[in-house]
Amino acid sequence: MALASRIRVSRNSRGEPDYTAPAGGIAVGTMWVALVGTAYFVLESQLLSDHRTTAYTVISAVTVAATFTVFFAAKAVFRRFGAHWWHIALATALLCCAGAAAPKAAAYVFPDQMARYHRELGGPGHCLHATPYGSEREFPKSSQITYDEPGSGRMTVTPIDKAYQPLVLDHAVRGGLERLTAADAKSIQILKSYGC
């Protein structure tokens, strides 16, 4: 079987097999996956728009570290067990899975405002779920969510039933790490009344 066969490699000056080429191939694949994956995380976290130099530094550092780590680890594995085509196939499959998962993983770690509201307050199992302030994702919709001008970091949850006051929340930024908090006295009262 082709995958079980050994990869033919040249010998180095000491007469030992030189696994630089197959390890380098895996390292190059790792470099691209690390570069693109880290770029997704940097974009979702808003680091690129807020701190461009830091973002480039993070992308470069992660890419270089991952590339060299995989290169030297692959060479060590190949020296110990020999290089087989199934090693390359397995590495390729793992890199494809990691690359495909990067966008969803980045969006999960650094969610947008609506996803954060759903996770922290309005979604199932949270204090505002079965209230007029429930998440907009639920059906039937019980509230409407709007955002103040860009950069303000505020969102307003307005119940469809006009008998209820709007809930204004701070820290509503895409990729934000701070929890959503009440932005005014009325909103503090609303959150307290529902045990938030």
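The values are calculated or read from the model by the stated rules, or taken from the named source; none is laboratory data. Please read these numbers as outputs of a predicted model, since none were measured by experiment. Cβ sites come from the backbone with ideal geometry, for glycine too, and all protein chains shown count toward neighbours. What goes into the accessible areas is simple: the full protein's heavy atoms, side chains included, and nothing from ligands, DNA or RNA. Shrake-Rupley method; radii C 1.70, N 1.55, O 1.52, S 1.80 Å.
The table that follows gives values for the structure above.
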quantity: GNM result for the chain, Cα springs below 10 Å: residue of Gly29, Gly153, Gly82 fluctuating most strongly; calculated: Gly82
quantity: Computed [θ] at 222 nm, deg cm²/dmol, the chain (DSSP H ≥ 4; -39,500 (n - 2.57); rounded to nearest 500); calculated: -16500 deg cm²/dmol
quantity: Solvent-accessible heavy-atom area per residue, rounded to whole Å², over the chain at 1.4 Å; calculated: 60
quantity: Met155, Met114, Met31, reordered so the largest accessible area comes first (probe 1.4 Å); calculated: Met31, Met114, Met155
quantity: Positive-end residue of Ala73, Ser49, Ala105, charge dipole of the chain with Cβ unit charges; calculated: Ala73
quantity: Along principal axes, Cα extents of region 1-124, largest first, whole Å; calculated: 63, 35, 17
quantity: Cα-Cα pairs of region 61-196 separated by more than 26 Å (percent); calculated: 44
quantity: Lysines with Cα under 27 Å of Lys186, excluding same-chain neighbours fewer than 8 positions away; calculated: Lys141, Lys162
quantity: Label-point gap, in nm, between Ser60 and Ser13 - each point 7 angstrom along Cα→Cβ; calculated: 3.2
quantity: Gained length - Ser152 relative to Cys97, 0.36 nm times residue gap less alpha-carbon distance; calculated: 16.1 nm
quantity: FRET efficiency, 1/(1 + (r/R0)^6) with R0 41 Å, evaluated for Thr53 and Asp184 via beta carbons; calculated: 0.70
quantity: Fraction of accessible area attributable to carbon and sulfur, region 40-170 (%, probe 1.4 Å); calculated: 64
quantity: DSSP H segments from the chain that extend 30 Å or more along their own axis, Cα-based, with Kyte-Doolittle mean of 0.0 or above; calculated: 20-44, 52-81, 85-109
quantity: Contour minus Cα-Cα distance for Phe68 and Arg6 (0.36 nm per residue); calculated: 20.0 nm
quantity: Cβ-isolated cysteines (cut-off 4.7 Å), the chain; calculated: Cys96, Cys97
